[in-house]
Amino acid sequence: MSPKSILITGANRGIGLGLLKQFLKVQDIQILIATCRDPSKAEELNSLKDSRLHILPLNIDCDESISKLYTEVEKIVGEDGLTVLLNNAGILLPYDVEGKKDRRTMLKNIETNAVSTAIITQEFLPLLKKAAEKNGGEGFSINRSAIINISSTAASVEKIDGTFNGPLVAYRMSKSALNSFAKSASIDLAKYHILITSFCPGWVKTDMGGENALFEISDATKTLAGNILTLGDAHHGAFLNSDLTVIPN
Ligand code: NDP
């Protein structure tokens, strides 16, 4: 069994596109909604021909864009609701504690990675609740209803050891805030049986990760997508590596 529908943000490149390609290989998934800021420029995404794939515009920093997306997604998924919201879109604007003071750069990291992801999650709750009710069953399952956040080990305060410390400070803050939101939501929304899990995808060769990263996009997303499709009770509220090992917060 697989989730009926999955929506991925930032699916035009990098890890989002990689995850989409992996999920397209799973025939049981009936609806894949790939969002990106400008579909007309998303060449590789548009080249993926599959009748289950819907490509829709979304700028996660814009409330109007989020509301418009909700209306379109509601038409696509109908009474079944949305099974999985996969919050992947993110930015890394370098910020160094020893560098220039720059409120806007610091806030932009936090806005996109934490606040916008929280807002889109809130917006989609009615469709996620609908899926949870419709699919029924016991407890939590990726096949029932789920919110998956792509976070980063950089969010872990316990893991800060000097590696990549300098330019990552605002990014770290943003992903810690995202994890904090996810953990709170996992408690508040538990009554609806919506699974909430945060992942670090590993250090991946994307525009963000850079060419020295450890993992190719195809390898990293194969592991991550495969394990996302197994999530259940034990993973609710957790912060995990792609291989499902726990990352300390
Ligand atoms: P990329 O920079 O390659 O891709 C980022 C994606 O996010 C793009 O699709 C981009 O769209 C989208 N995005 C950024 N801002 C917005 C916005 N305001 N609205 C809509 N979409 C937006 O990054 P990765 O693929 O590497 O990263 C994906 C996720 O994985 C991020 O959350 C990142 O923090 C996380 N991560 C990545 C790691 C790595 O090593 N690569 C390690 C740990 C975590 P556009 O093309 O329009 O800019």
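The values are calculated or read from the model by the stated rules, or taken from the named source; none is laboratory data. Note that the coordinates shown come from a computational prediction; the quantities given were computed from them, not determined experimentally. Every residue, glycine among them, receives a Cβ derived from its backbone with ideal geometry; neighbour counts consider all protein chains shown. For the accessible areas, the whole protein counts, side chains as well, though only heavy atoms, and no ligand, DNA or RNA atoms are used. Shrake-Rupley method; radii C 1.70, N 1.55, O 1.52, S 1.80 Å.
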Is segment 61-70 home to any residue that is crowded, with 22+ Cβ neighbours inside 10 Å and among the aromatic types (F, W, Y)?
no
All conditions in (1) assigned to a helix (DSSP H, G or I); (2) within 12 Å of the ligand (Cβ to nearest atom); (3) under 27 Å from F23 (Cα atoms); (4) open to solvent by 10 Å² or more (accessible area, probe 1.4 Å) are true of L178 except (4)
In segment 91-112, anything within 13 Å of the ligand (Cβ to nearest atom) and of a type in the set (G, A, S) is listed as none
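For segment 148-157, indicate whether the set of residues that are open to solvent by 40 Å² or more (accessible area, probe 1.4 Å) and closer than 21 Å to F199 by Cβ is non-empty.
The answer is yes, given that some residue of segment 148-157 is open to solvent by 40 Å² or more (accessible area, probe 1.4 Å) and closer than 21 Å to F199 by Cβ.
Does V115 fit the bill of being assigned to a helix (DSSP H, G or I), open to solvent by 20 Å² or more (accessible area, probe 1.4 Å) and within 16 Å of the ligand (Cβ to nearest atom)?
Yes.
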Taking first residues from segment 58-77 that are over 16 Å from G90 (Cα atoms) and of a type in the set (D, E) and second residues anywhere that are away from the ligand (no atom under 15 Å from the Cβ) and assigned to a helix (DSSP H, G or I), the pairs with Cβ under 9 Å that are 6 or more apart or on different chains are E74/P126; E74/L127
Query raised in the report: Are any of the residues in segment 207-217 more than 12 Å from the ligand (Cβ to nearest atom) and over 15 Å from T153 (Cα atoms)?
Result: no
- Message: Quick check on segment 11-20. Is at least one of its residues more than 14 Å from the ligand (Cβ to nearest atom), open to solvent by less than 50 Å² (accessible area, probe 1.4 Å) and touching a residue at least 40 places away in the same chain (Cβ under 8 Å)?
- Response: no
Margin query: Tell me yes or no: at least one residue of segment 80-92 is in a helix (DSSP H, G or I) and modelled with pLDDT of 95 or more.
Written below: yes
All conditions in (1) under 27 Å from L24 (Cα atoms); (2) β-branched (V, I, T); (3) not in a strand (DSSP E or B) are true of I187 except (1)
